[in-house]
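Report on one structure; see the data block that follows.
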Amino acid sequence: MKPKHTLGALALAFSMSIPAPAQAAERVIFNCFFPAKHYVCTVMLPELKKRIETATEGRVKVNTPPKSLAAPPDQYDGVVGGVMDGALQFNAFIANQVPGIQFSMMPFINGARAEVAGPALWDTYQKFFADKNEYGEAVLISLYASSGNEIYSMNDTPIQTIEDIGSRKMWGLPGVVANTLKATGSSVVAGPAVQMLEIISKGVVDGHAGVPWGSIAAFKIGDYTKSATELKNKLFQPTFSFLISKSKWDKFSKEDQDAIMKVMGADFAKFAGKVQDGANDKARAAMIKAGVKAIDGSDKLEADLRKLGQPITDAWVAKAKAMGVDGQEVIDYYLARIAEGDAAMKN
């Protein structure tokens, strides 16, 4: 008979030779509220999935539902409420919860290229607001700056003055765009961009503003658009937050959290912006070829719109002050970072 201690040693050696069961991957349901074929869903989110899964060596898996799990304004609420684990949220819809990020959508506070504006946006927000815990029960993993918007006419008369805007019924994104358009005297219909086609195709309005060329193509508005008035500096640049619920985030190891942030943040903001710029340039060229006219907006039109939009910026600066932040310093820093990025692209 073998000694008991020998049998025990054999049993221990055998148990050590059996591989430990693999830890189940933490699964993240990451929503996309855009139409399924939109480049945000088909290009940006697959890249997000690839980055997160690669960085965590498969310990975190990302899946996107075939249809949106919540309406466009409700992405943040869906994340913190457990409807989905992650989403990107148009920042204008979370102005009350996250006032800090709104500097990126003040009138004429933006950049010509989304590839440059995205990283500048991330760096600026981290510098001035990262310690404010604005997102509460959601974790901000990256930001996305779209291309700046143009002002579009749906009839044969291009929009060239604020009087032209004021005499029309316009569709505009809620918030900065809609409020600036209203200040011209225009009757404005406001709503999410994904609902543009329903309003515009029915002829309810005869002009629209708030989205770039790329979105005009993606939302199939080109057939209803006759011309685009392009200002040197854009009235508005839509920005978005990429979020994961804190409850889900806390299930990741510190190692995986750090790995995710290393591949997201400013680097993913640059990637997303580059995708946006490409889509925008392609859409602009195609629509001009199809007969949509591109009109240079005058310096006077820009100056008049700046004047009408200034109270919106002033109100945001006051909100920032209440948070203990110099809002004008934030804006100046953001624009300086964009200028640095533009210069670097030219070299």
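Taken together, the residues in the stretch 33-73 that are touching a residue at least 40 places away in the same chain (Cβ under 8 Å), hydroxyl-bearing (S, T, Y) and not in a loop (DSSP other than H, G, I, E, B) amount to 2. Taking E26 as the residue in question, decide whether it is at pLDDT 95 or above and farther than 21 Å from K274 by Cα. Criteria met by E26. Scanning the stretch 92-108 for residues that are out of contact with any Gly (no Cβ under 9 Å at 6 or more places or on another chain), in contact (Cβ under 8 Å) with a residue 60 or more places away in the chain and surrounded by fewer than 24 Cβ atoms within 10 Å (Cβ to Cβ) yields I94, P99, G100. Against the conditions (1) closer than 24 Å to L48 by Cβ; (2) in contact with a helix residue (DSSP H, G or I) (Cβ under 8 Å, 6 or more places away or on another chain); (3) part of a helix (DSSP H, G or I), L308 satisfies every one except (1). Looking only at residues in the stretch 206-225 that are out of contact with any Ser or Thr (no Cβ under 9 Å at 6 or more places or on another chain) and assigned to a loop (DSSP other than H, G, I, E, B), which one is surrounded by the fewest Cβ atoms within 10 Å (Cβ to Cβ)? My answer is F219.
Residues in the stretch 329-343 that are among the small types (G, A, S) and either crowded, with 17+ Cβ neighbours inside 10 Å or touching a residue at least 24 places away in the same chain (Cβ under 8 Å) (or both): 1 in all. Residues in the stretch 137-150 that are over 29 Å from T229 (Cα atoms) and in contact with a helix residue (DSSP H, G or I) (Cβ under 7 Å, 6 or more places away or on another chain): E137, A138, V139, I141, S142.
Can you tell me which residues in the stretch 311-328 are surrounded by fewer than 15 Cβ atoms within 10 Å (Cβ to Cβ), of a type outside the set (A, V, I, L, M, F, W, C) and either in contact (Cβ under 8 Å) with a residue 24 or more places away in the chain or under 21 Å from P174 (Cβ atoms) (or both)? Result: P311, D314. Within the stretch 33-56, the set of residues being surrounded by fewer than 16 Cβ atoms within 10 Å (Cβ to Cβ) and of a type in the set (D, E, K, R) comprises K37, E47, K50.
Across the stretch 69-76, not a single residue is classified as more than 20 Å from V40 (Cα to Cα) and surrounded by fewer than 20 Cβ atoms within 10 Å (Cβ to Cβ). If you take just the helices (runs of 4 or more DSSP H) that sit entirely in the stretch 101-205, which of them hold at least 1 residues that are modelled with pLDDT under 95? Counting at least 1 such residues, we get 176-183, 196-201. Residues that are free of Cβ contacts under 8 Å to residues at least 24 places away in the same chain and either part of a loop (DSSP other than H, G, I, E, B) or surrounded by 18 or more Cβ atoms within 10 Å (Cβ to Cβ) (or both) within the stretch 226-256 comprise just one, D250.
Taking (1) in contact with a His (Cβ under 9 Å, 6 or more places away or on another chain); (2) exposed (fewer than 15 other Cβ atoms within 10 Å of the Cβ) in turn, W171 satisfies each apart from (2).
The values are calculated or read from the model by the stated rules, or taken from the named source; none is laboratory data. Not measured: the values here are computed from a predicted model. Glycine gets a Cβ as well: all are built from the backbone with ideal geometry, and neighbour counts include every protein chain shown.
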